[in-house]
Amino acid sequence: MNAVKRVGETDVAIVGAGILGLSHAYAAASRGLRVTVFERTGTPTGASIRNFGQVLVTGQPPGEMLTLAKTSRGIWKHWAEHAGFFAREAGCLLFARTDAEVAVIDEFVATRASQQGYDVERLDQSQVAALYDGRFAHHKAALHGREDMQVFSREALPAIIEYLRTHLGVEFVFDTLVKNVADGYLETTTGEWHAAHIVVCSGHDYLTLLSDALAPLGPRVCRLQMLRVKPTRDIAVRHALLTGLSCLHYGAFSDLSSAQALHEEVLATDPALLDEGIHLLASPAPDGSVIIGDSHDYNPDPMPFNEEQVDQHLLRLAERLFDEPLQIMQRWQGVYGSRAANVNRPFSVLKASRGVTGVWMHTGVGMSVGPGIGESVIAEIVEGRMRSAA
Ligand SMILES: Cc1cc2nc3c(=O)[nH]c(=O)nc-3n(C[C@H](O)[C@H](O)[C@H](O)COP(=O)(O)OP(=O)(O)OC[C@H]3O[C@@H](n4cnc5c(N)ncnc54)[C@H](O)[C@@H]3O)c2cc1C
C-alpha cells in the first residue's frame, strides 16, 4: 500500500541540508519568510559533516572570497552563541618549518595582508616556542590569523538544524528526495510542494536536479582522505592549525612569488605530497582528539578506495607537526564538488528559471564562505521579487 503523500506550500524551499542549504534557510527565515528544507537522508552526511570545521578567513584570496568569509564568520559566531555548539575563536596558526615556508609568510605579511585587510600577526621562533609549552618550538615562524574560527562539524550541523527549527520556525523534511523542480513546484518522494522560490544546494549530486544547468560547468568531485587521531600528551590546542604546505593550496598565498620557490622545494624533497595533493591541516576536536587531513583526488566520479600510503603521509606530517606519535581513531573519505579546469570561479549561483536558483561550491571552502553566500543569494532573491512587484 502506498504511503499517503503530502501536499505542502512554503515561501522558500531549499534542497539539501548541508552548510549551503542551512545558510540559505537561515538567511530566508531571518527575513520572516516561511522556509522548508528537503534532505534525502535522515541527517546530513555529506561534505559538511566530513570536514575540518575550519572557518578560514586568512586563507581566502583577496576580494569577494575574503569578504564572504568575513561575513560568514559573523554568522558562525551568531549561530554558535544561539545554537550552543562548540566553536573556537582563537584564530589559526600556520606553522613554517623551512626557510621557503617562512618566506611565503613574510611576503604575505609585507604585501597582501596589510594592503587587503587580513587581520594577521607574524610570530618569530621565540614567540612560537612560547606557545603551548613549547610543543611547536621546532618551527621557524608562524602566521597567526586572528579572524579564523573552528567548529566540530558533526555536532554543529545538527545544532544549527535544531536552532533553525525551534527559533526561526524552519521546517525540515528529512528522508525525502526531491525528484524534480520547476517554477513554483517541487516533486518529492513524500509529496508535492509549491514554493515561491526554490534554492537547490545539492552539493556534489550533479544528476538528480538541474543537470542541464550544471553540465557546462564540467562538474567533478574531489575525494579527500581524513583521519581523527589521539595524541599521547594532552593537547588542549585552541587554534585551527595549518602548515607551510597550506600556502600552496589556499588562494591567499598560492600566487605569491615566494610560493613558487616553496613549490620547487616540495617537488625536490617530498614530491609524493604534490602527487597526492596533500597539505596538512589539523583541527582539535572538543574531546582532545585531532582531525587531520587531507589529500585531493579530482575525478568525474569518486573512487571508493582509500590509499594507505596517503594516510601514512598524513600521519607522518601530523606527527612532525605535534612532535609525538599519534594513534589513529577514525578514518573516512570526504567528497566535495569541484569543476572543470576551464571554469575558474570558486562557486556558482545559477538562475535556472524565474523561481529556481542553484548554488554549488567548486572548491573546498564551503564552511568558510557558505553562510555569506546564503546571505547574498537570498538578499538578491528577495530584492528581485520586491523590484518586480513594484
Ligand atoms: C574532507 C573535507 C574537508 C573540508 N574541510 C573544510 C574546512 O575545514 N573548511 C571549509 O570551509 N570547507 C571545508 N570543506 C568543504 C566544505 O565541507 C564543502 O564546501 C561544503 O560542505 C559543501 O556544502 P554543501 O551544502 O554544498 O554540500 P553537502 O554538505 O554535501 O550537502 C548537500 C546535501 O544535499 C542533499 N541532496 C542532494 N541532492 C538532493 C535531492 N535531490 N533531494 C534531497 N536532498 C539532496 C545531500 O544529501 C546533502 O546532504 C571540506 C570538505 C571535505 C570533504
Within segment 174-201, can you find the residues that are within 12 Å of the ligand (Cβ to nearest atom) and assigned to a loop (DSSP other than H, G, I, E, B)? Phe174, Asp175, Thr176, Leu177, Thr189, Thr190, Cys201
For Gly288: the one exception among (1) in a helix (DSSP H, G or I); (2) on the phi > 0 side of the Ramachandran plot: (1)
Condition broken by Thr357, with the remaining ones in (1) modelled with pLDDT of 95 or more; (2) away from the ligand (no atom under 12 Å from the Cβ); (3) within 25 Å of Ile160 (Cβ to Cβ); (4) outside any strand (DSSP E or B) satisfied: (4)
Can you tell me which residue in segment 244-287 is farthest from Ser114 (Cα to Cα), limited to those that are within 20 Å of the chain's Cα centre (by Cα) and among the polar types (S, T, N, Q)? Ser283
Among the numbered conditions (1) surrounded by fewer than 22 Cβ atoms within 10 Å (Cβ to Cβ); (2) touching a strand residue (DSSP E or B) at 6+ places or on another chain (Cβ under 6 Å); (3) under 22 Å from Ser283 (Cα atoms); (4) of a type in the set (Val, Ile, Thr), tell me where Val7 comes up short. (3)
Taking Ala259 as meeting all but one of (1) out of contact with any Phe, Trp or Tyr (no Cβ under 6 Å at 6 or more places or on another chain); (2) farther than 25 Å from Val151 by Cβ, write down the number of the exception. (1)
A careful count of residues in segment 26-54 that are closer than 25 Å to Gln150 by Cα and among the basic types (Lys, Arg) gives 1
Would you check if Leu256 is among the aliphatic types (A, V, I, L, M), farther than 25 Å from Glu9 by Cβ and within 12 Å of the ligand (Cβ to nearest atom)? no
Restricting to segment 40-67, what's the tally of residues that are buried (at least 24 other Cβ atoms within 10 Å of the Cβ) and closer than 19 Å to Val181 by Cβ? 1
Residue that is surrounded by the fewest Cβ atoms within 10 Å (Cβ to Cβ) [pool: residues in segment 111-164 that are hydroxyl-bearing (Ser, Thr, Tyr) and touching a residue at least 24 places away in the same chain (Cβ under 8 Å)]: Thr111
Ala100, sole failed condition from (1) of a type outside the set (Phe, Trp, Tyr); (2) within 29 Å of Gly288 (Cα to Cα); (3) at pLDDT 95 or above: (2)
Can we say Arg97 is under 24 Å from the mean Cα position of the chain (by Cα) and among the basic types (Lys, Arg)? no
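The values are calculated or read from the model by the stated rules, or taken from the named source; none is laboratory data. These figures come from a predicted structure and were not determined experimentally. Counting neighbours? That spans all protein chains shown, and the Cβs are built from the backbone with ideal geometry, glycine included.
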